[in-house]
Amino acid sequence: MTTVTATMNQLSDRVNKMYESATIKMSKASRALKAQGIDIVDLSLGEPDFDTPQHIKDAAKVAIDKGFTKYTPVAGTPELRKAISAKFKRDNNLEYSPDHIVVSTGAKQSIANVILSLINPGDEVLLPVPYWVSYSAVTDLAEGKCIEVPAGIETNFKITAAQLEQNITPKTKLIIFSSPCNPTGSVYNYAELAAMAKVIKKHPNVFVMCDEIYEYINFTGERHYSLAEFTDIKDQVITVNGFSKGFAMTGWRLGYIGAPLLISKACEKMQGQITSGTCSISQKAGEAALLADLAPTHKMVEAFKKRRDIVYAFLKDIPGLKVNLPDGAFYFFPDVSAYLGKSFNGNVINTPEELCLLLLSEAKVATVGGESFGDKNCIRLSYATSEEKLIEAGKRLKEGFAKLK
Ligand code: PMP
Ligand code: GLU
């Protein structure tokens, strides 16, 4: 014990204050049980179960065979940045020339680069709640102050422009949100983004980081809208995107930003001291993903939509849960507050995280508590897994919830 304490004291306050990512913690717990031979249905991690499309894998193989295995420029190869620039134009009607683009080791690193480049101790960062876990963790790391702007299930977990305005102060430096959203699947429509853009325009010193990593996984029937399309605020917007979700490329570790030059240059400097350019082979794969037809992506999105409908049907069937129909990404965020305070075998379940641990041990289904997303009433389920597994999860969850009295 003394040894552990002494060791902890040797670590920085920075890391001691940091929470382990809840998504990663739950998927670790689920993997550990699976390794013991326990049959777990894992709805914890936001990771597509599909294989990376063949043409993308082939491009990587060619890169290896041609010896494309050296350091690349820190901000990414000129070819990939050119392909990203063309993608922004094709899909988002956005002009970002390659010097406005920085490629990183996953969108996670892109997000960290931006926060660490912008936030000084005490700067306020507005986070519409629920938010993705790493936004708050990296803001804390930068000693920024997270200002939570709450949105519940009754508004489809979306904040209004008026709420945004009420929370902006002279100390506000950055607003961070995702659309389609992790953990709720909510999608901000054109009118909602236009209203936000109007507020942001009034505050020219405030930056907004829009995380669009779920861009393609959108069931609204409309195209994806980017906040940066509102040209009079484009210089305040950092658009984050990546390959993990839309191209089933989680392990390739490839993400990027399109940003004002001030930010892209700062992120390049930051990354140059921490990781340098991301994997050369992944960058060749990313280029192939963006230059080819998006048919494989559209096929995956169709599968996600079917899965969403399966999960919606079983969640609605569980008494007491409040659930909305998400428009994108691959998550549900049901409100489980009716079950908090209930007991199983004499143990009271007080929090969503305790409920998730119970569902893991008793129903053998892995989910994530809402607390790390800033919400104390909900749990998150990822449906990026097969229909068979989802149907099984539905049965198990129904039985699991029924055990709580
Ligand atoms: N943003 C959001 C909203 C996410 O859900 C994820 C999930 N992985 C990321 C960023 C990071 O993605 P990656 O680092 O795999 O590109
Ligand atoms: N973004 C995914 C999730 O939210 C993957 C895990 C992570 O990167 O934290 O589950």
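The values are calculated or read from the model by the stated rules, or taken from the named source; none is laboratory data. Treat the numbers as computed from the prediction; the structure is a model and nothing was measured. All Cβ positions, glycine included, derive from the backbone under ideal geometry; neighbour counts span all protein chains shown. Only protein heavy atoms, including side chains, enter the accessible area calculation; ligands, DNA and RNA are left aside. Shrake-Rupley method; radii C 1.70, N 1.55, O 1.52, S 1.80 Å.
What is the one condition in (1) outside any helix (DSSP H, G or I); (2) open to solvent by 40 Å² or more (accessible area, probe 1.4 Å) that Arg31 does not satisfy? Every listed condition holds for Arg31 apart from (1). Quick check on Val301: is it farther than 30 Å from Tyr71 by Cβ, open to solvent by 10 Å² or more (accessible area, probe 1.4 Å), modelled with pLDDT of 95 or more and not in a loop (DSSP other than H, G, I, E, B)? When the stated conditions are applied, Val301 passes them. Set side by side, the residues Asn93, Asn113 differ, and just one is under 18 Å from Ile213 (Cα atoms) and open to solvent by 30 Å² or more (accessible area, probe 1.4 Å), which is Asn93. Beta carbons closer than 6 Å, at least 6 apart along the sequence or on distinct chains, pair a first residue in the stretch 47-75 that is under 30 Å from Glu387 (Cβ atoms) with a second that is open to solvent by 20 Å² or more (accessible area, probe 1.4 Å) and in a loop (DSSP other than H, G, I, E, B) for His55/Ala292. The residues of the stretch 321-343 that are away from ligand 1 (no atom under 16 Å from the Cβ) and open to solvent by 30 Å² or more (accessible area, probe 1.4 Å), listed by number, are Lys322, Val323, Leu325, Ser337, Ala338, Leu340, Gly341, Lys342, Ser343. Being touching a Ser or Thr at 6+ places or on another chain (Cβ under 6 Å), among the small types (Gly, Ala, Ser), crowded, with 20+ Cβ neighbours inside 10 Å and not in a loop (DSSP other than H, G, I, E, B) is a property that Ser134 lacks.
Only one residue in Thr231, Thr220, Thr250, Thr275 is near ligand 1 (Cβ under 10 Å from one of its atoms) and either surrounded by fewer than 18 Cβ atoms within 10 Å (Cβ to Cβ) or farther than 17 Å from Lys87 by Cβ (or both). Which one?
Working: Thr231 fails: near ligand 1 (Cβ under 10 Å from one of its atoms); Thr220 fails: near ligand 1 (Cβ under 10 Å from one of its atoms); Thr275 fails: near ligand 1 (Cβ under 10 Å from one of its atoms).
Selected residue: Thr250, the only one of Thr231, Thr220, Thr250, Thr275 that is near ligand 1 (Cβ under 10 Å from one of its atoms) and either surrounded by fewer than 18 Cβ atoms within 10 Å (Cβ to Cβ) or farther than 17 Å from Lys87 by Cβ (or both).
Annotation: Lys405 fulfils all but one of (1) within 23 Å of Asp51 (Cβ to Cβ); (2) open to solvent by 70 Å² or more (accessible area, probe 1.4 Å); (3) not in a helix (DSSP H, G or I); the unmet one is (1).
Name the single residue, out of those in the stretch 323-350 being in a loop (DSSP other than H, G, I, E, B) and of a type in the set (S, T, N, Q), that is nearest to Ser244 (Cα to Cα). Filtering the stretch 323-350 for residues that are in a loop (DSSP other than H, G, I, E, B) and of a type in the set (S, T, N, Q), the one nearest to Ser244 (Cα to Cα) comes out as Asn324.
Of the residues making up the stretch 42-83, those that are open to solvent by less than 60 Å² (accessible area, probe 1.4 Å) and not in a loop (DSSP other than H, G, I, E, B) are Asp42, Ile56, Lys57, Ala59, Ala60, Ala63, Leu80, Arg81, Ala83.
Gly185: outside any strand (DSSP E or B), over 20 Å from Tyr96 (Cα atoms) and open to solvent by 30 Å² or more (accessible area, probe 1.4 Å), yes or no? No, not satisfied. Scanning the stretch 142-153 finds one or more residues that are without any contact (Cβ under 8 Å) to a residue 40 or more places away in the chain, in a loop (DSSP other than H, G, I, E, B) and out of contact with any strand residue (DSSP E or B) (no Cβ under 7 Å at 6 or more places or on another chain). Taken together, Val208, Val240 contain a single residue that is among the β-branched types (Val, Ile, Thr), over 18 Å from Val74 (Cβ atoms) and either under 14 Å from the mean Cα position of the chain (by Cα) or open to solvent by less than 30 Å² (accessible area, probe 1.4 Å) (or both), which is Val208.
The residues on offer are Gly246, Gly277, Gly320, and the sole one that is modelled with pLDDT of 95 or more, more than 24 Å from Ser382 (Cα to Cα) and assigned to a loop (DSSP other than H, G, I, E, B) is Gly277.
A quick yes/no check of all residues on (1) open to solvent by 10 Å² or more (accessible area, probe 1.4 Å); (2) touching a residue at least 40 places away in the same chain (Cβ under 8 Å); (3) not in a helix (DSSP H, G or I):
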{"residue": "Ala162", "(1), (2), (3)": "yes, no, no"}
{"residue": "Glu192", "(1), (2), (3)": "yes, no, no"}
{"residue": "Ala197", "(1), (2), (3)": "no, no, no"}
{"residue": "Tyr216", "(1), (2), (3)": "yes, yes, yes"}
